[in-house]
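Only the coordinates and a few stated rules stand behind these numbers; no lab work does. If you're wondering where the values come from, they're calculated on a predicted model, not measured in any experiment. Cβ atoms come from the backbone with ideal geometry, glycine included; neighbour counts cover every protein chain shown.
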Amino acid sequence: MNREAIIVGAGFGGATLALRLAQAGARPLILERGPWWERAPGAARDADPVAFPRGLSGALARGLRSIWWARSGPARQIMLRPRALFEWHAFSHLDVLTSSGVGGGSLVYTGIIERPSPDLFDAFPPEIGARDMDPWFERARAWLDPAPPPADAPRARRFDAAAAHLGLEGRAPDLAISWGDPSPGPGSLKPCVGCGQCVVGCRHGARGSLDLTLIPEALRLGATLRPMCEVEAIGRSADRWIVRYLDRRTGQRLQVQAPRLILAAGALGTVRLLMAARDRHRALPALPRTLGQRFFTNGDAAALMLSLTPDERGPSVTRIASDAAGFLAEFSAPLGALGLTAPALRRLVRISGIAAMGRDQGGSLTFDGRGLHTALSPASDGLHERQEARLRAMIAALSPGLAASTRTRLASVHPLGGAAMASTPERGVVDHRGEVFGHKGLFVADAAALPQAPGVPPVWTIAALAERQAALMIEAER
Ligand SMILES: Cc1cc2nc3c(=O)[nH]c(=O)nc-3n(C[C@H](O)[C@H](O)[C@H](O)COP(=O)(O)OP(=O)(O)OC[C@H]3O[C@@H](n4cnc5c(N)ncnc54)[C@H](O)[C@@H]3O)c2cc1C
Ligand code: SF4
């Protein structure tokens, strides 16, 4: 196959494409804006590992990378520290948190691996039916390698009793975390120690983050990774895609080109790059007008509580429940891990609560020449009110007397869509293979391509679609 391909972003979509293309004999170049975190195997090639943020000093030094401020007036990026873990997108009525680094969202995710209900695929082009996806879900499951956590009786009992008030049955989630004995091979996972710090990076090598799994293997097979390299613009010259990026280690602005360009910068990153190419740089003026439409928050909502539970251990999430109305998960983490409390209280105080997800109707992303905006708000979708009611019922059952507040803003860690998969450019931006309509060789391979919110944690769906996309790309070159 053609050996040249550029992949923007080393998260779920990007890492899957990188590995499969490298296995097929290509030599993809991955440009990732963030660093290698901790001591991941493969990091030695480009020794630049950064310690995950812990405690107050860690949170200040390596917590927040940048803020995309779009509450009012023109959007602007406030860059704080390029070597930091999180990015905050502050829209007018919505806050979104995403992560940065080799591994993308896998660096901070709680590891829940959940398959969406089959009717999600009714929103996809006809080539992708629910049953057609079986082999791709299985293929992704093989490397996500999830397993349920060991039973934690008190947490399970509390959550299950609260879920029963909604007529739901609590169950253990499948988590991409290792529970067993350490295995001998390089890069193999170590057993989880139950520190509960999953959402600020696993320091114990126990979670199957992509920097420990797919990416080292892709590098071994011939892929190249440039960390701290942020793509600023994309364009086209004859039959080659041109990518301009800033190497944040040297401050140099550089350019690379290839016949194939795969955007996997996360939903917001990918849509922003495409919109800038169409509306700011006018390099790709014919990109579909549907760009930015069908943007979703995955119906995210959460209720938080503080509790004094010094003896509690375990991963961030140990219990879930779901029905047609949505998905619920309990979570718990030591507050000290988030750098929010004095040392004496760090181990005592935990932040815990319930996260809810569901299929929101979504809205649009727009671009003002610098950054993205969205008008999505709690009022724009009836789902939010229903989620709040469920959360209030759960919290009332968990802690009688504690009222969950009704929020005036949305918050999401699962931004999805904006470059939706569809049958025609009138309905979406990419076809069933993830190729942008009318732009041969330009692909979207991340959460941006979803035409509807799964309403459950989305990683398995994103990975399965990327597996299918990689196989079709390789097949087309044979
Ligand atoms: C705290 C938290 C917990 C979560 N828990 C779960 C869970 O348990 N289960 C689940 O299914 N999902 C979970 N998610 C969501 C999940 O992480 C995302 O849905 C998933 O990572 C999206 O995959 P992606 O390939 O679209 O993008 P990402 O994995 O976000 O990867 C995008 C990559 O592109 C890079 N990038 C962005 N812009 C540029 C640029 N201009 N140049 C170069 N590189 C760029 C980013 O740094 C990033 O590494 C969680 C998310 C968060 C924040
Ligand atoms: S609980 Fe601790 S050791 Fe286990 S996966 Fe989460 S961060 Fe890693």
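Of the GluC sites (Glu not before Pro) in region 90-182, which ones lie in a loop per DSSP and count no more than 11 other C-beta atoms within 10 Å?
Details: sites: Glu114, Glu127, Glu138, Glu169; in loops: Glu114, Glu127, Glu169.
In loop regions of region 90-182 (DSSP not H, G, I, E or B), the sparsely surrounded GluC sites (Glu not before Pro) are Glu169.
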per DSSP, antiparallel bridges as share of beta bridges in the chain, % nearest 5, sits at 70
From DSSP H assignment alone, runs of 4+ in the chain each adding -39500 (n - 2.57), the sum over residues rounded to the nearest 500 puts [θ] at 222 nm at -6000 deg cm²/dmol
For Ala379 and Arg39, extending 7 Å from Cα along the Cα-Cβ vector and measuring point to point gives, in nm, a value of 5.4
Distance in Å, no decimals, from the C-alpha centre of region 137-167 to the one of region 434-478 is 28
The helix 134-144 Cα axis meets the longest alpha-carbon principal axis of the chain at an angle in degrees, between 0 and 90 and rounded to 10, of 70
Filtering trypsin sites (Lys or Arg not before Pro) in region 62-116 by DSSP loop and by at most 16 other Cβ atoms within 10 Å leaves Arg71
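For region 78-174, what is the charge dipole size about the Cα centre, in debye to the nearest 20, if Lys and Arg each add +1 at the Cβ and Asp and Glu each add -1 at the Cβ? Write down the numbers at each step before the final one.
Values: 10 positive and 14 negative charges, 104 e Å.
Result for region 78-174 is approximately 500 debye, rounded to the nearest 20.
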Computed over the chain: longest principal axis from alpha-carbon atoms vs helix 12-23 long axis, angle to nearest 10 degrees, is 50
Dipole check, the chain, charges on Cβ (K,R +1; D,E -1), about Cα centroid: among Pro35, Phe137, Met473 the Cα furthest to the positive pole belongs to Pro35
By Cβ neighbour count within 10 Å, fewest first, Ile320, Ile395 rank Ile395, Ile320
Region 223-297 and region 347-375 have their Cα centres apart by a whole-number Å value of 23
Nearest 10, in degrees from 0 to 90: the angle of helix 459-477 to the longest Cα principal axis of the chain is 20
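Diagonalise the Cα gyration tensor of the chain and give the resulting equivalent ellipsoid semi-axes, square root of 5 times each eigenvalue, largest first, whole Å. Spell out each step's value before the answer.
Numbers: eigenvalues 222, 126, 100 Å².
Computed over the chain, the values are 33, 25, 22 Å.
Return Arg248, Arg370, Arg272 ranked ascending by Cβ neighbour count within 10 Å, so the fewest neighbours appear first. Intermediate results must be reported in sequence, preceding the final value.
Working: Arg248 17, Arg370 14, Arg272 25.
Placing the least packed residue first, the sequence is Arg370, Arg248, Arg272.
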